[in-house]
Amino acid sequence: MILLIAIILFIIFLIYSIKPRSEGYTLEGLKLSWKNKASIEGNVTKWIVILKDKSGTKIHEYENSDAGNLKDFTDVTMNTVNKKEFDNRIIGDNTLELYYNKVSSDTKLYTKTVTFTEEDFGVTIDTSKLEEIDIDCVGKYVKVKKDNTTKGDERFACGPADDNDIYYCQKWRYEIEREKMGSGKACTREDNYVITVQWPTETAASFKKLDFHTDPDPNTDQNVSNEPQYYKNIWDNAPDPDIDCVGKYVKVYQGWPIHGYKYYCGEIQEDSPFGERDNCIEWKYEIQTKKSGSGNACIREDNDVITVQWPRKEIAELKKLDFHDEPDPNTDQNVSNEPQYYKNIWDNTPYPEPVTYNYTYEFIINKLSAFSGAKIQYIKIDDVLITEEQTTINKSPAAGWDNVFKVDSKYATWNRDGYKVGTKIFTIKSFEKINKIDITYTYPRYAPGWLIKENGETKISETDNRGTDVKPNPVTYTYDLTKTMKIDCEGNWNLWSTCSKTCGGGTQSRNWTTTTEPQNGGAACPSPSTETRDCNTQGCKVDCKGNWNLWSTCSKTCGGGTQSRNWTTTTEPQNGGAACPTTQTQICNTHACATRGVGRTPSKPPTGGGRRRR
C-alpha cells in the first residue's frame, strides 16, 4: 500500500443521470468529484472506479490516469459511466468503490451505496447529491533507530541502571497514511510521533515464568499500540519467584584473580623446622543468581573475600590429623561456614601419645655401590610401601628423599657428604617383625652392599655390591630377613694397663670390648675377656753401698801436709748402679810453721782440717 501523508479525498460529489427505460436499463452518466490534497503526486498513477451489483458482482469498471487528476490540491471531476446499458442486475442496492493504482483492500479509498429502482428508469431523472464522506484515519508504525530518524531495526538493552539485562527496547515512529475525514476515527498518534516499546528479555521473562515476546509490534499488538511498555509493566507487576541465591567462590590474591596462589601463614611452629605452621588461600565470593521472593539468601555478600587457613601436611601429621590440600569452600561446607575450620581443629587437638614400635631396622652401608652412590626409587616391607611416619632419615640424600614413598620413576640419591662404609642411611620402624624388604634401584650399579640390623642384631651383612650393570631398569632386590646367619663376635682389645713395676718383673692387663655379639653359632668373643702378661722383667739398678774409714795422720804438723782415708764396701754395684769409691786425699796443717826465737812457743801441729784431695 502506498503511504499517503495527506488524505486524498475531501468531498465527493456523486451525480448520475438515467435514460428512460426502453428495453434495457441505460445509465447516461455517473460523475464523481472531489478535491485532492497533499501526497498525490508521485504516489497515485491512476484512479479506478468499480460498480458492483447487490450480489457483489462487478458490473462496471472505470480507470482514469489523466495528469490533471493526479496533482496535489486539485479539483477532480470524472464521468465514470457514459451511456452504458445494464441488465436488471442494476436494479437494487449497488456498491460504488474508488481505488488508486490497483484494486486491493489496501488501496480502497471510498465506498458508496447507489440504489436504482424500476421507477427510476421510467422517467428522465437528473439528480445530484452533495455528500461529505466519513473516512477513518490510517497510520502505521515503522521501526527507527535510537536517533528517532533513521529507519531500521535497532534493539538495545534499556535498563534499569543497575541491571542492563532486564529489558529490551525498540523505537517505532508513527506515520499517517490517510487522515480522518468527516466523522471517521482519528489516528492514535500524531504524525511522526516516536514511541519506545519496552519488554523483558528472555532471561528476565523466564525468571518470572512469563511468556517471552520476541519483538512486540504495535501494528499487530493493540496492547503495545496503546501502551508501549505494556509487557514491561506486566513484568514489573509480576511477583518475584522464590529463588535461592546462588554464589561461587573464586581464588584471588589481594583482590587479584590469581588462581592457585597458596602461601605460608600463621604462627611459627617452635617444635618443627617448617617455619609458618599453616597454608592460606584467599577466595572471593561472587553472587551468580540473586535471591528473590522467599528464597534463601546468599551466605556472603557479593565480592566478600575470605582467607581459608589450614595446617600444612607435615604439621597435620604431628597430631595424626588428615591433611586437606587446598580446602575448597565451594565443596566443603565446613570451610564455607568457617574459613579456619581445619586450623581450629588442629588448635583444639592434643598431641598424640608417642608411638612405640616393636622392631627397628637399620640400613648401614657395608659395601659402596659400583658407581656414583646409591639411587633408590622406592622400598616395600612385606609387599607394603613404607611411609614417612615409620621411616627416619639418618643420612640426608643429595636429592629426592620423598620419592621413596611412592611408586614411580623418581628416586632418592646418596652420593656425597659422608656417604661411605659404615654410614647409617635410614631406619625403618615396624609394629611387627618384617620377613622381607624389597628395594627398587634405578640400575644394579647403584645398589650398595647393606648391613641390615633388626633391633641391633645383624640380619644381613653383604660383603659385595650388585655389580656394574645398567640393566634391568629399574631393578628390585629382595632382602630375606627370615634366614639365620652366623655372626662372629666383633670387637677389639683395649690398650695394656701400666706395668705394676718399673723393673725386676711386674704384670699388666687389658680388656676386650665387644661391638657385635656372636649370633647363630658365630665365633665367640675372647674368654676370659681380660689378658695378663709380665712386664719390666729387666733387673733393677743397685748402687754401691759402704762407708769411709777415718783420715790418716797429716804428713806435716804445719806448712801444709796431706792425709788420706779408704772406702769400705758393704754392697757391690749391679745393673749399672753407681760404682764404689776407693781412696780420698786432702791437704792438712796448712798454717805456717813458727820461727825459732826467745819468747816464742813452737806451734802445735794441727790435728785436722786443711784441704781434702782424692
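The values are calculated or read from the model by the stated rules, or taken from the named source; none is laboratory data. Just so it is clear, the structure is predicted and the values come from calculations on it, not from any experiment. Positions of Cβ are backbone-derived with ideal geometry, glycine not excepted, and every protein chain shown enters the neighbour counts.
Here's the yes/no breakdown for (1) closer than 30 Å to Y110 by Cα; (2) buried (at least 18 other Cβ atoms within 10 Å of the Cβ); (3) modelled with pLDDT of 90 or more:
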| residue | (1), (2), (3) |
| --- | --- |
| G182 | yes, no, no |
| L210 | no, no, yes |
| N219 | yes, no, yes |
| W235 | no, yes, yes |
*If the Cβ limit is 9 Å and pairs must be 6+ apart or interchain, which residue in the stretch 293-310 that is under 9 Å from Q340 (Cβ atoms) and touching a residue at least 24 places away in the same chain (Cβ under 8 Å) pairs with which residue that is of a type in the set (S, T, N, Q) and part of a loop (DSSP other than H, G, I, E, B)?*
T307/Q340; V308/Q340; Q309/Q340; W310/Q340
*Go through the stretch 569-588 residue by residue and tally those that are assigned to a strand (DSSP E or B) and farther than 13 Å from W551 by Cα.*
4
*asked:* Out of the residues in the stretch 461-482 meeting the condition of being among the hydroxyl-bearing types (S, T, Y) and assigned to a loop (DSSP other than H, G, I, E, B), tell me which one is surrounded by the most Cβ atoms within 10 Å (Cβ to Cβ).
replied: T468
*Could you pull out the residue among D66, D120 that is at pLDDT 90 or above, among the acidic types (D, E) and over 22 Å from I135 (Cα atoms)?*
D66
_Can you pull out every residue in the stretch 353-397 that is acidic (D, E) and within 36 Å of the chain's Cα centre (by Cα)?_
E353, D383, E388, E389
*buried (at least 16 other Cβ atoms within 10 Å of the Cβ), within 22 Å of C187 (Cβ to Cβ) and at pLDDT below 85, is that true of I40?*
no
*Within the stretch 366-395, tally of residues that are over 21 Å from S430 (Cα atoms) and surrounded by fewer than 19 Cβ atoms within 10 Å (Cβ to Cβ)*: 6
*Look through the stretch 205-220, keep the residues that are assigned to a helix (DSSP H, G or I) and of a type outside the set (S, T, N, Q), and return whichever of them is nearest to the chain's Cα centre (by Cα).*
F207
*Do the conditions hold for V421, that is, is it touching a residue at least 24 places away in the same chain (Cβ under 8 Å), among the aliphatic types (A, V, I, L, M) and surrounded by 13 or more Cβ atoms within 10 Å (Cβ to Cβ)?*
no
*Determine whether the stretch 221-228 contains at least one residue that is assigned to a helix (DSSP H, G or I), among the hydroxyl-bearing types (S, T, Y) and buried (at least 18 other Cβ atoms within 10 Å of the Cβ).*
yes
*Considering (1) closer than 30 Å to D382 by Cα; (2) out of contact with any Pro (no Cβ under 6 Å at 6 or more places or on another chain); (3) modelled with pLDDT of 90 or more, say which one N465 fails and leave the rest.*
(2)
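Here's the yes/no breakdown for (1) at negative phi; (2) of a type in the set (G, A, S):
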position	(1), (2)
E282	yes, no
E286	yes, no
T289	yes, no
S292	yes, yes
N296	yes, no
R300	yes, no
N303	no, no
T307	yes, no
_Return the residues of the stretch 44-96 that are outside any strand (DSSP E or B) and touching a Leu at 6+ places or on another chain (Cβ under 6 Å); say none if nothing qualifies._
V44
